[in-house]
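> One structure is given below, represented as structure tokens, and several questions about it will come after.
The values are calculated or read from the model by the stated rules, or taken from the named source; none is laboratory data. Computed from a predicted structure; not experimentally measured. Glycine also receives a Cβ, built like all others from the backbone with ideal geometry; neighbour counts cover every protein chain displayed. Surface accessibility is based on the protein's heavy atoms, side chains included, excluding ligands, DNA and RNA. Shrake-Rupley method; radii C 1.70, N 1.55, O 1.52, S 1.80 Å.
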Amino acid sequence: MRDTLEKLRVSALGELGAAGSAAELESLRVRYLGKKGEITAILRQMGSLDAAERPAIGSLANSVRTDIENAVASRSGALDAASLADRLLRERVDVTAPGKLAAIGRRHPMSIVLDEAREIFISMGFTVAEGPEVELSLYDFDKLNIPPNHTVREWSDTFYITEDESVHLRCQTSPVQVRYMEAHRPPVRIISPGRVYRKDEADASHTPMFHQIEGLVVDRGITLGDLKGTLDALLRRLYGSDTKTRFRPHHFPFTEPSCEVDVRCATCGGAGCHVCKGEGWLELLGAGMVHPKVLAGVGIDPDEYSGFAFGVGVERMTMLRYGIDDARLLYENDLRFLRQFM
Ligand code: DAH
């Protein structure tokens, strides 16, 4: 029995010293010291010993038990210390490490161009007006002298909100002209930037939602020369003093006469390329002298007053400014694209 106890001490101390986790240590403790453990089992056999041998074996058994208890305690302390050290290492905070730089956002290229255009108009004495994006056909079509059979009124062109075609997502910013003139008498000098909607398939030069800036000037004695001078001033300030523009006759129901204004293609300098589809010019805006019927419709006497109006595409303006060759880039929010603008 003395032998068994000595062997037990050696093997227990060896195994305890090598226990790799608190769980392993606990199962060893139970195995050696528990109620059904090996020491207990030996102590139970003490009854079969000679009375003379009992004290010596008893005290040996106690010392083995004490050794095992001490070994459990010291291994447990070592494991705790190791796991604390490990945690401290893992959760360490390096207070001297440089901070993470927060990425700073930039303005969207269209916001840059729109803000610039707004500033240019404000410097010429314009104020900024607003109108609803969900618009009455009355304002977007009827009061703009757009005839009942015009293609723009078709369901394939316009996002109608109501079955009876009386409400739709505005397809141009021009209805703001009417709303403004109904509420204000001349002199009128406003711009109105905003979103417009058309059922166009997205491609390099179209998106079903895009932006326009509407302009309207009404006063006594306003002429086509004022229109030309104002737009030339805008385009020279946006694109540089040597910017070439071209005014082409056109037709809009709400202006007479009407024109479209093209700007020399910045990508090819006029030689013709894929951006301008070989034309050398990019169509940028529509304009004209406000139709007498539109003035009369809002109660302004066309014999006393005249005016000019224009509508310019903000996507086009932006593409021309930065040489962007696909309108969809403006809406994809690809950071590699957006990071190029300040
Ligand atoms: N609303 C026209 C369009 O979206 C652009 C336009 C043309 C606006 C002539 C005007 C204008 O104010 O006078 O195509």
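> Just checking, does region 32-55 include any residue being small (Gly, Ala, Ser) and under 28 Å from Ser83 (Cβ atoms)?
yes
> Starting from residues that are part of a loop (DSSP other than H, G, I, E, B) and free of Cβ contacts under 8 Å to residues at least 24 places away in the same chain, keep the ones in region 296-313 and report whichever is nearest to the ligand (Cβ to nearest atom).
Pro302
> Can you tell me which of (1) hydrophobic (A, V, I, L, M, F, W, C); (2) without any contact (Cβ under 8 Å) to a residue 12 or more places away in the chain; (3) over 16 Å from Ile300 (Cβ atoms) is the one Cys171 doesn't meet?
Unmet condition: (2).
> Quick one: which of Ala81, Ala56, Ala18 is under 54 Å from the mean Cα position of the chain (by Cα) and of a type outside the set (Ser, Thr, Tyr)?
Ala81
> What tally of residues in region 317-332 results from selecting those that are in a helix (DSSP H, G or I), at pLDDT below 95 and either at positive phi or surrounded by fewer than 21 Cβ atoms within 10 Å (Cβ to Cβ) (or both)?
Matching residues across region 317-332 total 2.
> Output the number of the condition that Met181 fails; it satisfies all remaining conditions of (1) among the aliphatic types (A, V, I, L, M); (2) in a helix (DSSP H, G or I); (3) within 11 Å of the ligand (Cβ to nearest atom).
Here Met181 meets the rest and fails (3).
> Between a residue in region 139-166 that is in contact (Cβ under 8 Å) with a residue 12 or more places away in the chain and any residue that is of a type in the set (S, T, N, Q) and part of a loop (DSSP other than H, G, I, E, B), which pairs come within a Cβ distance under 7 Å, given they are 6 or more apart or on different chains?
Short answer, once both residue conditions are applied: Asp140/Gln172; Leu144/Ser174; Val152/Thr158.
> Now for a separate question. I'd like to know if region 221-237 contains one or more residues that are more than 16 Å from the ligand (Cβ to nearest atom), in contact with a Lys or Arg (Cβ under 9 Å, 6 or more places away or on another chain) and open to solvent by 30 Å² or more (accessible area, probe 1.4 Å).
no
> Of the residues that sit in region 254-289 and are open to solvent by 10 Å² or more (accessible area, probe 1.4 Å), among the hydrophobic types (A, V, I, L, M, F, W, C) and closer than 16 Å to Gln177 by Cα, which one is farthest from the ligand (Cβ to nearest atom)?
Result: Met289.
> Could you pull out the residue among Arg44, Arg87, Arg65, Arg106 that is part of a helix (DSSP H, G or I), open to solvent by 50 Å² or more (accessible area, probe 1.4 Å) and in contact (Cβ under 8 Å) with a residue 12 or more places away in the chain?
Arg65
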